[in-house]
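The next block holds one structure in the form of structure tokens; read it before the comments.
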Amino acid sequence: MAGIQRHDSSKLTDLSIHDSSKLTINKQHNMIDMLLGWNIDLTIQGDQNGSTPLHFSTSALRTRGVCFWMFRPWFLWNRQVWHSSILLKQVLHANLAPLYQPDDKGFFPIHIAANIGANEAIIEFLEICPNIAGLRDMKGITFLHLAVKKEAMECCRSCMPKSVTVMDFEHVRQCTPLHLSVKHSYQNIFSLLLENLEVHLNLLNNNGETPLDLSESMIAAGSFGAWNPRFFIDAALKYCHAKHGNRRLDHFEEQYIKIVDEQKHLQNLINSTQTLGVGSVLMTTAAFAASFTLPGGYKDDGTPVLSGRYVFYAFIAANSLAFGSAGLSTINIMYSGTAVLDVPLRSRHFLIALYLAFSSVTSLATAFVLGLYLMLASVTPMTATAICVVASTFSVLAYTDSLRGLAVARALRARMGNRALVIIARIIVIRTAIVFWPLVASFIWAEISTKAIPKVSIKPLLICFGDG
């Protein structure tokens, strides 16, 4: 009878401490202290799934919800609110043994923290017991691998100096975190790993592939898209002189390089052509309409009121470039949508149309800002200046793809030193020339029109044709 009572008591206290771990919103500080003081072994007792109180307190660190950040302790209105981090530290410092105790799936508390992106718990665990970085679940996965899979950027950043070397050498036969980031095209995490000089770039996974082999195998033959994360990753590895594996490259290409599915590629091309075609036609229409509704109106003789001004000529040049680029883009889209042409030729026309459409957007935006400036400069100079400043700020959006490569640039700087600055500068200059050439061309033409070219009268030509 006494044994049954002891068993029931143990079961009851076990249930109580697990429930206390789950109820992190309520103030359970005193109850946890009482239970831990009564029986410290309760910290290592698991429930029906093998989860200890430390598993529960770790899983409660991150509030599931859209506005979980509103409940963080740095806000004044949350100073008196119970936070799950208090419970975590309370259970953790009472007994460190549960750090090495897995649940039924082989997940240790540090795996739980990586799975939910609980950066605070990972930092706490590694500061107390750095050697838990090498713990693996039933599938041989460490917490760092799990953090990479979950794209837990902050977790990877905080634990990288403590665990990345161990991870690389322990998983030579399986898959390093760098392999995982390359496989899933996680560009930011890849950049973080590449920036750490302790990460080895030429380790093999269980298929005998280095990260460079894996990167090239993930890029289908004939695919394009310079700012695609896969291309970013592949280029960064080659800049850092990453090596291929121990097989001949021709055999590697035959076995691993993906062949383009022509039917799938054709369907993607048709869908992309339809979307781009609508945009090109709209830009052509807008530029055509702006050509005959010039800002400021017309004089009695039919000439524009604002003609002769520098900004006016820049507006005319930008609008003309917008119309020409959009028109040529539409023509190339028509070619790319023609079924009688081969798929490679259609793809080439689509790429040309895409570039011309992008140039048309730049030209049309330039014409819009210059047109507003022409109409408002004499009335509200401050407003006109503000419009130009805001437009210049928005022009940074043209570098969206390039800005995504800043993390890669930092990694290259860490690996290559000052030589990486030359590569980065070259990319920025080329990107600027590709995106903003219509803007530069518009102002160059305005300068030529106002100074270099003399005003030519067309009256002699009209007389020659009998209109004089």
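The table below lists the values:
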quantity	calculated
Matching entry among Ser329, Ser347 (being within 29 Å of Ser272 (Cα to Cα) and either aliphatic (A, V, I, L, M) or surrounded by 22 or more Cβ atoms within 10 Å (Cβ to Cβ) (or both))	Ser329
Hits in region 268-288 - residues which are within 18 Å of Val343 (Cα to Cα) and among the aliphatic types (A, V, I, L, M)	Leu269, Ile270, Leu276
Candidate set: region 357-389, residues that are free of Cβ contacts under 8 Å to residues at least 40 places away in the same chain and among the β-branched types (Val, Ile, Thr); chosen: the one surrounded by the fewest Cβ atoms within 10 Å (Cβ to Cβ)	Val379
From the options Arg426, Arg431, Arg413, residue that is under 30 Å from Ser181 (Cα atoms) and either in contact (Cβ under 8 Å) with a residue 12 or more places away in the chain or over 30 Å from the mean Cα position of the chain (by Cα) (or both)	Arg431
Which listed residue, of Ala384, Ala357, is farther than 17 Å from Thr432 by Cα and among the hydrophobic types (A, V, I, L, M, F, W, C)	Ala384
Elements of type helices (runs of 4 or more DSSP H) in region 216-305, at least 1 residues being at pLDDT 85 or above and in the same structural domain as Ile352 (by TED's automatic domain parsing)	262-292
Counted residues, region 114-132 - those being assigned to a loop (DSSP other than H, G, I, E, B) and surrounded by 20 or more Cβ atoms within 10 Å (Cβ to Cβ)	1
Any chance Ser392 is farther than 30 Å from Asn188 by Cβ, exposed (fewer than 15 other Cβ atoms within 10 Å of the Cβ) and modelled with pLDDT under 85	no
Number of the condition not met by Leu354 [criteria: (1) closer than 29 Å to Val281 by Cα; (2) without any contact (Cβ under 8 Å) to a residue 24 or more places away in the chain]	(2)
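Conditions tested, residue by residue: (1) part of a loop (DSSP other than H, G, I, E, B); (2) modelled with pLDDT of 80 or more.
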| residue | (1), (2) |
| --- | --- |
| Thr43 | no, no |
| Gln80 | yes, no |
| Lys89 | no, no |
| His93 | no, no |
| Pro102 | yes, yes |
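The values are calculated or read from the model by the stated rules, or taken from the named source; none is laboratory data. Nothing here was measured: the structure is a model prediction, and the numbers come from that model. For neighbour counting, all protein chains shown are included, and Cβ atoms are generated from backbone atoms with ideal geometry for every residue, glycine included.
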